[in-house]
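Peer 1: Dropping a structure here in structure tokens format, bear with me for questions.
The values are calculated or read from the model by the stated rules, or taken from the named source; none is laboratory data. Here the structure is a predicted model, which means the values were calculated and not measured. Cβ placement follows ideal geometry from the backbone for every residue including glycine, while neighbour counts extend to all protein chains displayed. These accessible areas exclude ligands, DNA and RNA; they are computed on the full protein's heavy atoms, side chains included. Shrake-Rupley method; radii C 1.70, N 1.55, O 1.52, S 1.80 Å.
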Amino acid sequence: MAESKVSPTPLLKDELDIVIPTIRNLDFLEMWRPFFQPYHLIIVQDGDPSKVIKVPAGFDYELYNRNDINRILGPKASCISFKDSACRCFGYMVSKKKYVYTIDDDCFVAKDPSGKEINALEQHIKNLLSPSTPFFYNTLYDPYREGADFVRGYPFSLREGVPTAVSHGLWLNIPDYDAPTQLVKPRERNERYVDAVLTIPKGTLFPMCGMNLAFNRELIGPAMYFGLMGDGQPIGRYDDMWAGWCTKVICDHLGLGVKTGLPYIWHSKASNPFVNLKKEYKGIFWQEELIPFFQSATLPKECTTVQKCYIELSKQVKAKLGKVDDYFNKLADAMVTWIEAWDELNGGKSAELANGAKN
């Protein structure tokens, strides 16, 4: 009898939510149906809350618009961005699951070099369920993968690894470029499929893209705040970058890992580079101050939870970045509001995590 191609029990079916920010009907889910249908979706509708968003039949989902966000968070709703995909982090806050996968509505199922459709969710789950190695680089990339191991000279004391908090996936077709690069290379497409996953080393920052991203909500959820972006703010398109920088500093402090590489999705639509330039303009200058700030940020040993780390980081943002622009004072206040709202909705749960903690 031929083997069934579909696994009878989807991985982490009851432990993972899929968060999707959108302003349009979610027809793109049809292509993802074989992979997503067993899971619960949290859809965060941006823009006009009176617009009705259609979701294909057969999906288990909850949908929140701006009115819902205001009703649930009250005055604290001010920390959730409007008219920007940063609104997705509201979905992280209301999720009750251990893991979250977030994807944009212009992302489709990619194919590997053999022509097989890639189950992105399955690969993210593999990444999250295997350890990371941030303290020593393995030249064969992920040593926990089938057919790989630790190379000669890798310290045995570090081979157990640490829990993986974040799995950062990549994209075929339209690359995740900033506006200046888009303008210079309008026809560039990523056709290079690299069959690898690696742990980002401790002390190394990276540009985190939110369109194909999974994380362990229990380990790092409160740090996944996508900032104040979009409507009424002087900046956009730095929401996932901000979350990535904060998250990496906190993961390094708490002894957690971040993986990047597989899985790929197919990114189908390049956003308008002129619109993007307007959104990114200040960020392009500010990031030259932000990166050194995060590179040198240290957290005291008393910061044993993600929440404590994030509040401490907000103080440093105000003290050191407030002088760059008043926007960072507002952002620092919003970071505190975000944590307060997170704890209110999640029963104030604040897992103590020692350095190098095991999951």
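Peer 1: ARG88 - would you say it is surrounded by fewer than 21 Cβ atoms within 10 Å (Cβ to Cβ), modelled with pLDDT of 95 or more and either touching a Leu at 6+ places or on another chain (Cβ under 9 Å) or basic (Lys, Arg) (or both)?
Peer 2: no
Peer 1: Right, here's the next one. Can you tell me which of (1) in contact with an Asp or Glu (Cβ under 6 Å, 6 or more places away or on another chain); (2) part of a helix (DSSP H, G or I); (3) not aliphatic (A, V, I, L, M) is the one PRO56 doesn't meet?
Peer 2: Every condition holds for PRO56 apart from (2).
Peer 1: Consider only pairs whose beta carbons are under 6 Å apart and that are at least six residues apart or on different chains; among these, list those whose first residue lies in the range 145-163 and is under 25 Å from PHE215 (Cβ atoms) and whose second residue is at pLDDT below 95 and polar (S, T, N, Q).
Peer 2: Note: pairs meeting the criteria are PRO163/ASN359.
Peer 1: From the list ALA86, ALA57, pick out the single residue that is farther than 21 Å from ARG217 by Cβ and of a type outside the set (Lys, Arg).
Peer 2: Result of the check over ALA86, ALA57: ALA57.
Peer 1: Of everything in the range 63-87, what is within 16 Å of ILE103 (Cβ to Cβ) and not small (Gly, Ala, Ser)? Give them in sequence order.
Peer 2: LEU63, CYS87
Peer 1: Please tell me if THR298 is modelled with pLDDT of 95 or more, polar (S, T, N, Q) and open to solvent by 50 Å² or more (accessible area, probe 1.4 Å).
Peer 2: yes
Peer 1: Are any of the residues in the range 98-111 over 30 Å from LYS330 (Cα atoms), without any contact (Cβ under 8 Å) to a residue 60 or more places away in the chain and of a type in the set (Gly, Ala, Ser)?
Peer 2: No.
Peer 1: Which residue pairs have Cβ atoms closer than 6 Å, lie 6 or more positions apart in sequence or on different chains, and pair a first residue in the range 184-204 that is more than 18 Å from TYR137 (Cα to Cα) with a second residue that is open to solvent by 50 Å² or more (accessible area, probe 1.4 Å) and of a type outside the set (Asp, Glu)?
Peer 2: TYR193/PRO113
Peer 1: Now, a different point. Among the residues in the range 302-313, are any open to solvent by 50 Å² or more (accessible area, probe 1.4 Å), without any contact (Cβ under 8 Å) to a residue 24 or more places away in the chain, closer than 17 Å to LEU256 by Cα and more than 23 Å from the chain's Cα centre (by Cα)?
Peer 2: yes
Peer 1: For residues that are of a type in the set (Lys, Arg) and over 23 Å from GLY161 (Cα atoms), scanning just the range 101-128, find the one that is least open to solvent (accessible area, probe 1.4 Å).
Peer 2: LYS111
Here is a yes/no grid of residues against (1) among the acidic types (Asp, Glu); (2) surrounded by 14 or more Cβ atoms within 10 Å (Cβ to Cβ); (3) without any contact (Cβ under 8 Å) to a residue 24 or more places away in the chain:
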| site | (1), (2), (3) |
| --- | --- |
| LEU26 | no, yes, no |
| ASP46 | yes, yes, no |
| ILE53 | no, yes, no |
| ASP60 | yes, no, yes |
| LEU63 | no, yes, yes |
| GLY74 | no, no, yes |
| CYS79 | no, yes, no |
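Peer 1: Suppose we keep only residues that are out of contact with any helix residue (DSSP H, G or I) (no Cβ under 9 Å at 6 or more places or on another chain) and free of Cβ contacts under 8 Å to residues at least 60 places away in the same chain within the range 320-337. Which one would you say is nearest to LEU290 (Cα to Cα)?
Peer 2: First pass over the range 320-337, keeping only residues out of contact with any helix residue (DSSP H, G or I) (no Cβ under 9 Å at 6 or more places or on another chain): 323, 326, 330.
Applying the additional criterion that residues be free of Cβ contacts under 8 Å to residues at least 60 places away in the same chain yields 323, 326.
Details: LYS323: 12, ASP326: 14 Å.
Out of the qualifying residues, it is LYS323.
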